[in-house]
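Reading through the structure tokens given below for one structure.
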Amino acid sequence: MQFLQILLRHIKPMAALAALLALALLLPAQTTAHSTKPKHKHATTAKAGTAHSTHSTVAHVATTNSNHRGKRVHYYVQRIDPVRRAELVNEITERLKKPDDHAIAFTGALDGFFADLAAYQDSRKDGAAPTNTVRVLQWGDSHTAADMFTGEARQVIQSKFGDGGIGFAYPGHPFAGYRIFGSKHGQSAGWKTQGTHFLALGDGELGMGGISISAMRKGEWVSLDVSCTGLDLEFLAQPGGGSLSFTDNGGDPVEVATAADAIGPGSFHYACSAGDHHFLLTKEDSSPVTLLGWVATQPGVTWEAIGINGAEAPLILRWDQKLFSQYVKDNSPALIVLAYGTNEAASKEWDEASYRTAFANIIDTIHSYVPESSILVLGPADRATMQRRAWRTFDGTDKIIAAQRAVCSTHDCAYWDWQQRMGGGGAMLQWAYAGWAQPDHTHFTGDGYHALADALMSDLMAAYQAYKEHNSPNTETPAPVDTTGDKNGDKNGSASTNPKSVEKHY
């Protein structure tokens with residue numbers, strides 16, 4: 001106050017006013033600058049020395065991802081020592097390269113699939129072109145939906161046996177980021193997706209993949225760009241169903257009618273020449289149309305991705321079973337792969353006993369629909385969760401692995417322990433530090449998924465080679481396939497009761 005009085009007595013009024021304005025501007029600026037200073041200094045992050053040291057070391061650096069429900073999730077991530085990261089990449093790579101005699105348990109359950117592969121190979125002797133398609137269908141959660149794991153598996157098995165095409169694909173873009181490598185999908189804006197919000201499935205009329213897209217307005221369209229020699233369109237046949245115009249590479253349109261006397265599975269088959277195709281479906285009227293899937297194949301082998309983000313295995317039985325069972329039969333898979341468990345492990349709904357009962361029901365149901373198909377279960381991957389700003393190994397995975405493994409041992413299924421193949425419980429900490437897993441410590445990067453798919457293919461081909469050696473026509477009495485698979489080396493593998501492995505027609 002005294003300072004202001006001095007100004008008024010000793011300087012002219014206009015000059016005093018200018019001084020007051022300058023002072024008013026200066027004081028807030030000084031206050032703001034002072035308030036931005038940190039109140040405390042963060043502790044220095046310790047340097048990672050071993051894989052175990054990554055357990056509790058987090059950096060004051062964060063990343064933000066979206067979970068499968070679209071919510072923004074904030075993660076703390078470790079500061080990375082480049083030398084240690086390179087060491088871990090090498091360690092993981094070498095671990096995955098090492099053959100594991102027990103990587104796939106209960107391999108006798110795969111006899112039917114292996115017989116199909118052997119027959120397919122025999123048909124190609126002397127350079128003959130393939131004439132049939134051996135199909136592998138993988139159902140699963142987000143690990144499957146991303147098509148990075150399945151896409152790599154598809155590339156590996158097709159490079160060895162022949163490209164059978166992409167197989168099943170959802171129509172259009174049913175959810176953000178949907179893709180199947182080797183194809184391109186398009187749709188107009190008027191389609192409504194059902195099945196991705198699986199807590200409210202309604203009538204469950206979702207077909208083989210658990211997802212449908214529906215439209216009423218005339219002119220709505222979907223497209224698929226793919227290489228194949230045959231295409232099947234799967235749709236919901238229904239009273240009052242609308243009509244579609246189908247074209248291939250802009251050729252003459254063909255009408256596809258979806259109207260029927262009762263609700264049920266509908267399909268349209270189209271044979272085409274080998275090569276690239278642009279398929280287009282356009283609604284011709286304002287009657288309802290519900291599309292359930294495309295199936296694009298050609299002679300060879302497939303490894304198909306049917307995944308829904310956040311899904312749990314029991315979801316399969318909530319789909320309309322009349323539709324599901326008929327489409328599974330129509331697609332005639334040589335091998336069914338079930339890749340679930342990540343979300344079940346995080347759910348409070350499941351304990352080991354209740355999940356074992358539910359999982360056994362799923363396996364028995366699938367066997368009843370396609371008793372000739374082999375089943376391979378891929379257990380959940382290792383994962384970690386954030387606790388007090390430190391990543392800790394998730395302790396809910398073991399109960400799901402134990403339940404799945406117990407069911408497979410008595411229900412004619414082979415089992416691949418994903419967590420054990422990664423390196424066992426706690427391995428996710430190493431994978432994330434190595435840059436092969438995402439910051440959420442649940443999903444993987446492209447490198448991680450590719451390495452895991454390569455490991456599965458290596459293990460599967462090793463089991464296939466053992467099958468061929470034990471069933472060689474030069475062997476007077478074929479020895480049974482070794483079905484050992486217990487982590488501790490116990491010979492508890494179940495003998496295959498799959499009819500396909502007992503009697504095979506070529």
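The values are calculated or read from the model by the stated rules, or taken from the named source; none is laboratory data. Given the structure is predicted, the values throughout are model-derived calculations rather than measurements. Methodologically, a virtual Cβ is constructed for each residue, glycine included, from the backbone with ideal geometry; neighbour enumeration extends over all protein chains shown. Ligands, DNA and RNA are stripped out before the accessible areas are found, and what is left, the full protein with its side chains, is counted by its heavy atoms. Shrake-Rupley method; radii C 1.70, N 1.55, O 1.52, S 1.80 Å.
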Practice problem: Mind running the shape call on segment 341-381? Use the C-alpha gyration tensor, a ≥ b ≥ c as the square roots of the eigenvalues: rounded below 1.5 for a/c, prolate if a/b tops b/c, oblate otherwise. | Solution: oblate
Quiz prompt | Relative intensity, log₁₀ I(q)/I(0), of segment 371-424 from a Debye sum that treats every alpha carbon as a point, q = 0.18 Å⁻¹ | solution = -0.63
Quiz item: How many nm separate the modelled label positions at R392 and K348, each set 7 Å beyond the Cα in the direction of the Cβ?
Solution: 1.7
Quiz prompt | Efficiency of FRET between A176 and L199 - r from beta-carbon atoms, R0 22 angstrom, step 0.05 | solution = 0.75
Exercise. Express in nm, to one decimal, how much length is gained between A271 and T365 on full extension, taking 0.36 nm for each residue of separation and deducting their alpha carbon distance.
Key: 30.7 nm
Quiz prompt | Greater than 19 Å apart at Cα, pairs in K192/K218; K160/K184; K348/K399; K184/K218; K184/K322 | solution = K160/K184; K184/K218; K184/K322
Exercise. Order the peptides 204-211, 114-121 from the highest to the lowest mean number of other Cβ atoms within 10 Å of their residues.
Key: 204-211, 114-121
Practice problem: With a 10 Å radius around each residue's Cβ, average the other Cβ atoms per peptide and rank 431-442, 272-283, highest first. | Solution: 431-442, 272-283
Quiz item: Between R79 and D225, what FRET efficiency follows from the Cβ-Cβ distance if R0 is 51 Å, with the result rounded to 0.05?
Solution: 0.70
Exercise. Report, in whole Å, the centroid distance computed from the Cα atoms of segment 295-325 and segment 235-286.
Key: 21
Quiz item: Which ³J(HN,Hα) values in Hz, rounded to whole numbers, follow from the phi angles of segment 308-324 under the Karplus curve 6.51 cos²θ - 1.76 cosθ + 1.60, where θ = phi - 60° and Gly and Pro get x?
Solution: 10, 4, x, 6, 10, 4, x, 4, 4, 7, 8, 7, 4, 6, 5, 5, 4
Quiz item: What length, rounded to one decimal in nm, is gained on full extension from Q121 through to A260, with 0.36 nm per residue of separation minus their alpha-carbon distance?
Solution: 45.9 nm
Self-check item: Heavy-atom accessible surface of segment 281-430: percent carbon and sulfur, 1.4 Å
Solution: 45
Exercise. Determine the distance separating the Cα centre of segment 132-186 from the Cα centre of segment 400-453; give it in Å without decimals.
Key: 20
Quiz item: So what is the accessible area of segment 173-276 per residue, in Å², with the probe set to 1.4 Å?
Solution: 46
Quiz item: In terms of the ratio Rg/(2.2 N^0.38 Å) built on C-alpha atoms, what value belongs to segment 160-294?
Solution: 1.02
